[in-house]
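What follows is a single structure, written as structure tokens, with notes after it.
Just so it is clear, none of the values below were taken in a lab; they were calculated from the coordinates. Not measured: the values here are computed from a predicted model. Here the Cβ is made from the backbone with ideal geometry for all residues, glycine too, and neighbour counts use every protein chain on show.
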Amino acid sequence: MEENLVLICDDDENIADTLGLIVESAGVHVFVEYHSENIFTRLKEHQATMLIIDLWMPVMSGDKVIRQLRAEPVFKDLYIICISASIDGRKVALDAGADVFVAKPFDMDDIIATVEQGFAKIAIR
């Protein structure tokens, strides 16, 4: 896995691109995917160490993606940040296996701090 590489997946291209710019501003390498069904291929191609994923997406919801990732040994160390505007999003995300939940709308500084904390936790795994 490449160090400090984040995959961002949100079907809302504006949110995904904005998140990408925010995370890149912290000196992190980012790639963006708008279609949840492509996550597994993209993660294997790029070997990201962190995933930021929206909870509610068409085709394959974020919680379903997280559950499938957690079931595969190759992704056991992937750090997952789940984002959502859903009222019950925190519970759904954490129950699925996300490491952290961030509510939408999010603050730029909170996202950067969450990503930095995630990489600090990855470093001690």
**Prompt:** Quick one: if you stick a label point 7 Å off each Cα along the C-beta vector at Met60 and Phe40, how many nm between them?
**Reply:** 0.6 nm
**Message:** How far apart, in nanometres, would the label points at Glu72 and Gln47 be if each is projected 7 angstrom from Cα along the Cα-to-Cβ direction?
**Reply:** 1.5 nm
**Prompt:** Along each of its three principal axes, how wide is the spread of alpha-carbon positions in the chain, in whole angstrom units, largest first?
**Reply:** 33, 29, 23
**Asked** Toward the positive end of the charge dipole of the chain, about the Cα centre and with charges on Cβ (Lys, Arg +1; Asp, Glu -1), which of Val28, Ala85, Val65 goes farthest?
**Response** Val65
**Added length on full extension, which subtracts the Cα-Cα distance from 0.36 nm per residue, Ala113 to Ile87** = 7.1 nm
